[in-house]
Amino acid sequence: MKSVLVWDVPTRLFHWLLAASFVGAWVTAESDEWLPVHTFLGYLMFALIGFRAIWGLIGGRYARFSSFAYSPGEGVTYLSQAIEGCAPRHIGHNPAGAQAIFLLLGLGLLTALSGLFVQGGEEQQGMVAGWLGYGLGKVVKEGHEFFALLMLLVVLVHAAGVIFESWLHRENLARAMVTGQKQAKEGTPASHPHDLVGAVVLMAVVAFGMWWFAYALEEPLEGMAGHDDDAGETAHVAFVGGSLPSNAQWNDECGSCHLAFQPWLLPARSWQSLMAQQNQHFGEDLALEPATVSGLLAFAETHSAEKGMTEAAWKIGRSVPDGATPLRMTETAYWQKKHREIDTADWQKPQVKSRSNCVACHQDAEAGTYEDGAMRLPK
């Protein structure tokens, strides 16, 4: 027996990068604040699988798909032999492991692609922004979560198989995927060592993705004049949607006392009710001229929540029951759902004080985009 190079450098890099990106994407899936990172990891998975598809054709001996193109029947036979304790040892992927590899690549591709369309539909951002509406984007999200769950199950089964086979054949398969070396009989062909180009290309893809996410993709938030983040610099956020309508009269009249809450945060009937009783506006008389009321109402009705101009607008509109007329966005079911996990201590911080003080946490509140990645709880 001698030590033989089985897993070339690009294959090992791909393996651990894909594992890390999947774990990272799973951990950040439920966090609005970490959604940009989750999305970036999805893009990275997509690029990694694309690289593996190419490397499976031109890579080292044991990295090529042709070296482990076993049929499903062969995989079942191998599993039966493994359970009986008489499965033959394979230098490369065994038949059952090969099935897991192909499943992981396929599910990873479906998960990444569906996530791309979730971002384009539900967030109206990314490479396919606007291809789907918010409603269809929400449906695709359910498929995205289903594919991710299936992938997690296959990952767990694959890990269990690695542990079992390591015990069965008395070798550390996980370590082999780190060193690339396995013990084999004299004369066993090794994977070709000329894999430097593949490794460089793979790391260049990863480095470019990190640069794209950290610098090229990030944009200064519109409407952020005078508002700095905790580091004292103008806030930059990745995956920012398109610009939204603005109205000088609205900003002047509504912004003279508080944040000029955008029309898409409430249904049209709510703005109609607010304008109709503007002389009793939460205990104050706005004393607006009829022409001013007319102008403000026209802007509000044109861009109300029903128009679905943003993800938040679409979800607010759907959360308000027919016939209900909330006068504050904090009264809508969507707002309450999104803020239910915020601690009481956070609401009582001197930078917040009020549930209507959106700018305390949403760096893009003045722009009205309310991007997930632009939310920061004050320290």
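The values are calculated or read from the model by the stated rules, or taken from the named source; none is laboratory data. Here the structure is a predicted model, which means the values were calculated and not measured. All Cβ positions, even for glycine, are placed from backbone atoms using ideal geometry, and neighbour counts span all protein chains on display.
For region 116-129, the candidate set comprises residues that are among the hydrophobic types (A, V, I, L, M, F, W, C) and in a helix (DSSP H, G or I); within that set, the residue that is farthest from Glu311 (Cα to Cα) is Leu116. Only residues that are more than 15 Å from the chain's Cα centre (by Cα) and not in a helix (DSSP H, G or I) were counted in region 1-47, giving 8. Of the residues Leu113, Leu132, Leu152, the single one that is among the aliphatic types (A, V, I, L, M), surrounded by 15 or more Cβ atoms within 10 Å (Cβ to Cβ) and not in a helix (DSSP H, G or I) is Leu132. Exactly one residue out of Ile49, Ile54, Ile83 is in the same structural domain as Ala19 (by TED's automatic domain parsing) and crowded, with 19+ Cβ neighbours inside 10 Å: that is Ile49. Scanning region 167-185 turns up no residue that is more than 16 Å from Tyr62 (Cβ to Cβ), exposed (fewer than 15 other Cβ atoms within 10 Å of the Cβ) and of a type in the set (Asp, Glu).
Considering Gly92, Gly59, which residue is in the same structural domain as Gln119 (by TED's automatic domain parsing) and under 19 Å from Val206 (Cα atoms)?
None of the others qualify; the one that does is Gly59.
Taking the conditions (1) touching a strand residue (DSSP E or B) at 6+ places or on another chain (Cβ under 8 Å); (2) at positive phi; (3) small (Gly, Ala, Ser) in turn, Ala184 satisfies each one other than (2).
When Ser3 is tested against (1) farther than 28 Å from Phe208 by Cβ; (2) in contact with a strand residue (DSSP E or B) (Cβ under 9 Å, 6 or more places away or on another chain); (3) surrounded by 19 or more Cβ atoms within 10 Å (Cβ to Cβ), only condition (3) is not met. Restrict the check to region 302-322 and report whether at least one residue is touching a Phe, Trp or Tyr at 6+ places or on another chain (Cβ under 6 Å), buried (at least 20 other Cβ atoms within 10 Å of the Cβ), assigned by TED's automatic domain parsing to the domain that holds His258 and over 20 Å from His362 (Cα atoms). Yes; the residues of region 302-322 include at least one that is touching a Phe, Trp or Tyr at 6+ places or on another chain (Cβ under 6 Å), buried (at least 20 other Cβ atoms within 10 Å of the Cβ), assigned by TED's automatic domain parsing to the domain that holds His258 and over 20 Å from His362 (Cα atoms). Against the conditions (1) surrounded by 16 or more Cβ atoms within 10 Å (Cβ to Cβ); (2) touching an Asp or Glu at 6+ places or on another chain (Cβ under 9 Å); (3) not in a loop (DSSP other than H, G, I, E, B), Asn279 satisfies every one except (1). Across region 48-57, the number of residues qualifying as of a type in the set (A, V, I, L, M) and within 20 Å of the chain's Cα centre (by Cα) comes to 2. Close contacts from region 110-132, counting a first residue that is free of Cβ contacts under 8 Å to residues at least 12 places away in the same chain and a second that is surrounded by fewer than 19 Cβ atoms within 10 Å (Cβ to Cβ), with Cβ to Cβ under 9 Å and a gap of 6+ residues or different chains, come to Gly130/Gly242.
One residue is enough: does region 156-165 have a residue meeting the conditions closer than 19 Å to Met1 by Cβ and not in a helix (DSSP H, G or I)? Within region 156-165, not a single residue is closer than 19 Å to Met1 by Cβ and not in a helix (DSSP H, G or I).
Of a type in the set (D, E, K, R), out of contact with any His (no Cβ under 7 Å at 6 or more places or on another chain) and crowded, with 22+ Cβ neighbours inside 10 Å: does that describe Asp8? Yes; evaluated as a whole, the condition is true for this residue.
Taken over region 20-43, the residue count meeting the criterion of being within 16 Å of Gly108 (Cα to Cα) and touching a residue at least 24 places away in the same chain (Cβ under 8 Å) is 9.
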